[in-house]
Amino acid sequence: MSSTPTVGVLALQGDVREHAVALAEADALARPVRRPEELADLDGLVIPGGESTTMSNLALAFGLMEPLRARVAEGLPVYGSCAGMIMLADKILDGRDDQQSVGGIDMTVRRNAFGRQNESFESPVDFAGLEGGPLHGVFIRAPWVESVGAGVEVLAELPAGPAAGRTVAVRQGNLLATSFHPELTGDHRVHAFFVDLVRAAAR
Ligand code: GLN
């Protein structure tokens, strides 16, 4: 791999373009992925925010679900934001009955967890290992992480409010997930953190 890794963005649905911009800012070559063949020569992949039930349907319809699971099993670095976090969860609460996930992170997430009043909100988020102060967390009908297995590292919890202490960012090996949307803020530190992970995995 050259020093510029190629990172796919799953482009079935959701905020694909915002992730592509953030990845470019983090010195990766971003490429949309819609077909199984396009997973072959990636160094990493982003699963964007959007609607996880629709993403699940489309991944099944496009024959991508099994190839995605296979690439995750091979150790492909993958970052999921919001709906993408749900796609990386081994277990989903409050999902639709026919909803599937790619899985890979030993966690249970709750869809639309923050409830009505708080369906969308913003909060500062301290993200372990990121320098430069708290992130501006944008939460849009976001999931939270209800529980994690022993191999999962919690990177961020909500600091305050009715959901204080809830886990909103995790990592397990080469898999990273956030409840919030750093791609919408112009702050590309989470993408840079992921691109570093992609570079380390390629070495
Ligand atoms: N509520 C959405 C879902 O269930 C996620 C929302 C988002 O990605 N902003 O997939």
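The values are calculated or read from the model by the stated rules, or taken from the named source; none is laboratory data. Since we're looking at a predicted model, the values are computed, not measured. Reconstructed Cβ throughout: ideal geometry from the backbone, glycine too, with neighbour counts over all protein chains shown.
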| query | Looking at the range 60-88, which of the residues that are surrounded by 24 or more Cβ atoms within 10 Å (Cβ to Cβ) and away from the ligand (no atom under 11 Å from the Cβ) is farthest from the chain's Cα centre (by Cα)? | reply | Leu68
| message | Looking at the range 21-40, I want the residues that are under 23 Å from Leu58 (Cα atoms) and have a partner that is aromatic (Phe, Trp, Tyr) and modelled with pLDDT of 95 or more with Cβ atoms under 7 Å, at least 6 apart or on another chain. Which pairs are those? | response | Arg34/Phe62; Arg35/Phe62
| query | Is one or more of the residues making up the range 46-54 surrounded by fewer than 24 Cβ atoms within 10 Å (Cβ to Cβ), within 16 Å of the ligand (Cβ to nearest atom), more than 13 Å from the chain's Cα centre (by Cα) and more than 21 Å from Ser147 (Cβ to Cβ)? | reply | yes
| remark: Condition set farther than 20 Å from Gly75 by Cα and assigned to a loop (DSSP other than H, G, I, E, B), scope the range 21-33, selection nearest to the chain's Cα centre (by Cα): answer is Ala26
| Which residues, counting only those in the range 102-134, are away from the ligand (no atom under 16 Å from the Cβ) and more than 18 Å from Val154 (Cα to Cα)? | Gly132
| said: Given the condition more than 16 Å from the chain's Cα centre (by Cα), surrounded by fewer than 14 Cβ atoms within 10 Å (Cβ to Cβ) and in a loop (DSSP other than H, G, I, E, B), answer yes or no: does some residue in the range 99-113 qualify? | reply: no
| request: Give me the pairs, please: first residue somewhere in the range 89-106 and closer than 16 Å to Ala73 by Cα, second residue anywhere and modelled with pLDDT of 95 or more and of a type in the set (S, T, N, Q), beta-carbon distance under 6 Å, and either six or more positions apart or on two chains. | output: Ala89/Ser101; Ile105/Gln172
